[in-house]
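Working notes for the structure below.
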Amino acid sequence: MMKARNSRKPQVTIVDVARELKLAPSTISNALRGKPVVAKETRERILAQCKAMNYVASPIARALRERCTFTIGVLLPDIANPIFGDIIKGLDGVMTASGFATLLASTEGNKARFLASAQAFSKREVDALVMISQPVGGEEFEHLIEACPPIILTHRKAVGLDLDYIGMDNFGGGSAAVQHLAALGHQRIGFIEGPEQSSAAKERLNGYRQALQDLILDSDTALICQGNYTLLSGFKAAHHLLSMKKRPTAILAANDLMAYAVLDLAAQMGLSVPNDLSVIGFDDIFVSSLPQIALTTIRQPASEIGAAIGHRLIERLNSGDCTPCDVVLPTQLVCRASTGPAPRRKGKPSQFCKQELDAYLHNRWKPTSQVHP
């Protein structure tokens, strides 16, 4: 009977490389780490020998030597949302280049799940935590950060706590959207909010409100509807706005997904976009540029935010700088086909009662379908 063979070859170590070159293992280690104590010619000879022998540095040995795990934990509210994927792509590009692995946990916006995931990452001794749009704040969170590694926040700030924050100009984005609609002649502009507990969502709302005030536009509070960044909340808010006796001629949604719901429901109610209704989103996820959608939106610099987080983490881990940073990157208005001049005559939407909306959503989004952002 043939014996099973172990096909895994023994890993080459710096001791093996040192033996071949008749050098001390410490010299090999210093050369690989780029230390100036090793002459240029010697370093080049060592690197060539490492390549010839297929030497790969052991991450476990490196972690023990430098007292870190070379991993970071990322907490995000929903792994399916493309905007979070863009942030992680920018972050991971920087961290991978520095030899770090990026670990992910989706918390679904649930605080208990968020706290449990953060604690799990901490127990695994990740070198840093990145929290994207998480329910930060409160006594439990304050206890958590005392035991956690360095933390960087994005999308939501922790008021009163000295933590790094890197995000975007939400206020400016909300204001720019209203200014664009006002320039097209719109006076009555609806707004679909993000989650109440989100600082980013509040900033977008404040930008909208300030622009209405500055431009002396209709500031009817009934034009503001609560949403939570999901398609379902977008449908419900859009139904309320489009069923108003004096409905808005334009709607700004706090993210692209809710804006898609507005586009969909407007079509179901017989309204033409942008002839009867203009629609603006926020984020500019890749789907928004498709010609079938062509959504005017506020572009979030997601990849740039991720890269900035990565550079800040490397800076923190290398220098030990504990002075918190507050970085705000600019947003950009992207004009597409979903916005146009305010209609001279308002097209009358077809009747679409709540029961019809519920039936439509049930048929379109089956009970098992995910409608999270």
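The values are calculated or read from the model by the stated rules, or taken from the named source; none is laboratory data. Since the model is a prediction, treat every value here as computed from it, not as a measurement. Quick reminder, even Gly has a Cβ in these numbers, built from the backbone with ideal geometry, and neighbours come from all protein chains shown. Each accessible area value is taken on the protein alone, full model and side chains, heavy atoms only, with ligands, DNA and RNA left out. Shrake-Rupley method; radii C 1.70, N 1.55, O 1.52, S 1.80 Å.
Within the range 45-57, the residues that satisfy the criterion of being in a helix (DSSP H, G or I) and open to solvent by less than 100 Å² (accessible area, probe 1.4 Å) are Ile46, Leu47, Ala48, Gln49, Cys50, Ala52. Of the residues making up the range 69-124, just one is open to solvent by 40 Å² or more (accessible area, probe 1.4 Å), part of a helix (DSSP H, G or I), among the hydrophobic types (A, V, I, L, M, F, W, C) and closer than 23 Å to His311 by Cα, namely Ala97. Checked against the criterion of being farther than 19 Å from Leu257 by Cβ and in contact (Cβ under 8 Å) with a residue 40 or more places away in the chain, the range 102-116 has no qualifying residue. State whether one or more residues within the range 141-157 are within 13 Å of Ala200 (Cα to Cα) and surrounded by fewer than 23 Cβ atoms within 10 Å (Cβ to Cβ). Within the range 141-157, one or more residues are within 13 Å of Ala200 (Cα to Cα) and surrounded by fewer than 23 Cβ atoms within 10 Å (Cβ to Cβ). Arg316 meets the conditions (1) closer than 21 Å to Leu357 by Cβ; (2) assigned to a helix (DSSP H, G or I) in every case but one. The failed one is (1). The C-beta contact set for the range 285-301 (first residue over 21 Å from Ala200 (Cα atoms), second residue hydrophobic (A, V, I, L, M, F, W, C) and open to solvent by 40 Å² or more (accessible area, probe 1.4 Å), distance under 8 angstrom, 6+ apart or interchain) comprises Val287/Ile293; Ala294/Ala337.
On the basis of being modelled with pLDDT under 95 and either open to solvent by less than 40 Å² (accessible area, probe 1.4 Å) or within 19 Å of the chain's Cα centre (by Cα) (or both), does Arg312 make the cut? The answer is yes for Arg312.
Results for (1) at pLDDT 85 or above; (2) within 29 Å of Pro301 (Cα to Cα); (3) touching a strand residue (DSSP E or B) at 6+ places or on another chain (Cβ under 7 Å), shown as yes or no for each residue.
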{"residue": "Ala61", "(1), (2), (3)": "no, no, no"}
{"residue": "Phe70", "(1), (2), (3)": "yes, yes, yes"}
{"residue": "Leu76", "(1), (2), (3)": "yes, yes, yes"}
{"residue": "Ile87", "(1), (2), (3)": "yes, yes, yes"}
{"residue": "Ser98", "(1), (2), (3)": "no, yes, no"}
{"residue": "Ala112", "(1), (2), (3)": "yes, no, no"}
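Take Ser288 and tell me if it is open to solvent by less than 30 Å² (accessible area, probe 1.4 Å), modelled with pLDDT of 95 or more, among the small types (Gly, Ala, Ser) and over 22 Å from the mean Cα position of the chain (by Cα). No, not satisfied. Can you tell me which residue is most open to solvent (accessible area, probe 1.4 Å) among those in the range 200-226 that are touching a Ser or Thr at 6+ places or on another chain (Cβ under 8 Å) and within 21 Å of Lys236 (Cα to Cα)? Top of the filtered list is Gln226.
Could you list, in sequence order, the residues of the range 322-358 that are open to solvent by less than 50 Å² (accessible area, probe 1.4 Å) and in a loop (DSSP other than H, G, I, E, B)? Scanning the range 322-358 gives Cys325, Thr331, Ser338, Thr339, Gly340, Ala342, Pro343, Gly347, Pro349, Phe352. Listed by first and then second residue, the pairs with beta-carbon distance under 6 Å, at least 6 apart or on different chains, first residue in the range 149-168 and farther than 17 Å from Ser117 by Cβ and in a strand (DSSP E or B), second open to solvent by less than 30 Å² (accessible area, probe 1.4 Å) and polar (S, T, N, Q), are Ile166/Thr154; Gly167/Thr154; Met168/Gln300. Within the range 292-307, the residues that satisfy the criterion of being at pLDDT 95 or above and either under 15 Å from Val334 (Cβ atoms) or open to solvent by 30 Å² or more (accessible area, probe 1.4 Å) (or both) are Ile293, Ala294, Leu295, Thr296, Thr297, Ile298, Arg299, Gln300, Pro301, Ala302, Ser303, Glu304.
Residues in the range 182-199 that are under 13 Å from Ala253 (Cα atoms) and either touching a strand residue (DSSP E or B) at 6+ places or on another chain (Cβ under 8 Å) or open to solvent by 20 Å² or more (accessible area, probe 1.4 Å) (or both): Ile189, Gly190, Phe191, Ile192, Glu193.
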